[in-house]
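Novice: Have a look at this one before I ask anything.
What follows is calculated from the coordinates using simple rules that are stated; it is not laboratory data. What you see is a predicted model; the values in this text were computed from it and never measured. All Cβ positions, even for glycine, are placed from backbone atoms using ideal geometry, and neighbour counts span all protein chains on display.
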Amino acid sequence: MPIIFTGIAQMVVAQVAAVKMVVKVPYDTSTGMRVYIAGSFNSWKPGDSLFQLHRNDNGLYSITLPLFNNVHYEYKYTRGNWSNVETNADDSAIHNRMFVSKDGLLIADTVVAWKKEIKSEPSPQQAYINAMKDSTIAALKPQLSEMQNLLKSYVQNWLSDKPSDGVQKKLNEEAEKKLNSIYEQIVQLLGNVMATLTSEQKAELKKILDAPQDKNDFINTLGNGIQKVTSSSK
């Protein structure tokens, strides 16, 4: 049996090729930026942590890939997703890089440029909603500061030698008023946002909110839903 296992192990080792990839990245790639390799060897996953390259002292990035020997592979370099994949200097897509694996093979590549991030301008509807949101946030800042001072008063009362029930009651009344005021402004903002939606947008948003979701993530779902249904408005 040991002879059989040894023979199998030798066959496996013989099929594995250690291929080292060394790549020079664009000068504007920040030091802390992560660089990955994605290809037919990892199902083209652009941000696979097992295929993250390591930055060397000379500024080059490298990784050694354990691959099957004498196999044709294709690949590209990314910064973690396909929206930040390597491109030609004019931002056009490049063809897949290719090689045939061989143990001890060293491949030196150069990434000319990373795909440029396309920033879209907000629609008029989104711009109007953003202006309302900014106005509400500006109005809430002083009240949030007052809530912090109120919390300080709570703590001071609790830490006194004889905490006062009367002071506690008064603070509770003030806190209730301030919280009601803050909540009313937030509800008013949401009401104003909903008033900007068309019947088609409301129907689309309702589908998003009715879809299965984490019950504790309603706020994010609502915000993302509003962003989605208003993104195409003109």
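Novice: Compute, for the chain, the length of the dipole vector about the Cα centre, with Cβ point charges of +1 (Lys, Arg) and -1 (Asp, Glu) only. Units Debye, rounded to 20. Can you show the working numbers first?
Specialist: Values: 26 positive and 24 negative charges, 17 e Å.
It works out to roughly 80 debye.
Novice: If you stretched the chain out fully between ASN69 and GLU117, how much longer would it get, using 0.36 nm times the residue separation minus the C-alpha to C-alpha distance? Walk me through the numbers before you get to the answer.
Specialist: Details: separation 48, 0.36 × 48 = 17.28 nm, distance 3.71 nm.
Once the chain is fully extended between ASN69 and GLU117, it gains 13.6 nm.
Novice: Next question. Over the stretch 26-92, what is the mean sequence separation of C-alpha contacts under 8 Å (at least six apart), divided by residue count, expressed as relative contact order in percent? Before the final figure, lay out the partial values.
Specialist: Values: 85 pairs, mean separation 23.7, N = 67.
RCO, the stretch 26-92: 35 percent.
Novice: Next question, about the same structure. Only one of the listed values, (1) 16.7, 48; (2) 17.6, 52; (3) 29.0, 86, was derived from the coordinates as Rg and Dmax of the Cα atoms in Å; which label is it?
Specialist: Correct label is (3).
Novice: What relative contact order, as a whole-number percentage, does the chain give when Cα pairs under 8 Å and 6 or more residues apart are counted?
Specialist: Working: 279 pairs, mean separation 41.7, N = 234.
Relative contact order, the chain: 18 percent.
Novice: Determine the shape class of the stretch 172-230: with a ≥ b ≥ c the square roots of the Cα gyration tensor eigenvalues, call it rounded for a/c under 1.5, and otherwise prolate if a/b is greater than b/c, oblate otherwise.
Specialist: Numbers: a/c = 3.68, a/b = 1.76, b/c = 2.10.
Note, shape of the stretch 172-230 comes out oblate.
Novice: Ok, one more. List every residue whose amide H lies under 5 Å from the amide H of ALA17, counting only residues 5 or more places away in sequence or on a different chain, with H placed 1.01 Å from N in the peptide plane.
Specialist: LEU67, PHE68, ASN69
Novice: Between LYS45, LYS170, LYS115, find the one with the highest GNM mean-square fluctuation for the chain; connect C-alpha pairs within less than 10 Å.
Specialist: Comparing LYS45, LYS170, LYS115 in the GNM, the peak value goes to LYS170.
Novice: Take the alpha carbon atoms of the stretch 40-62, find their center, do the same for the stretch 91-164, and report the distance between the two centers in whole angstrom.
Specialist: 25 Å
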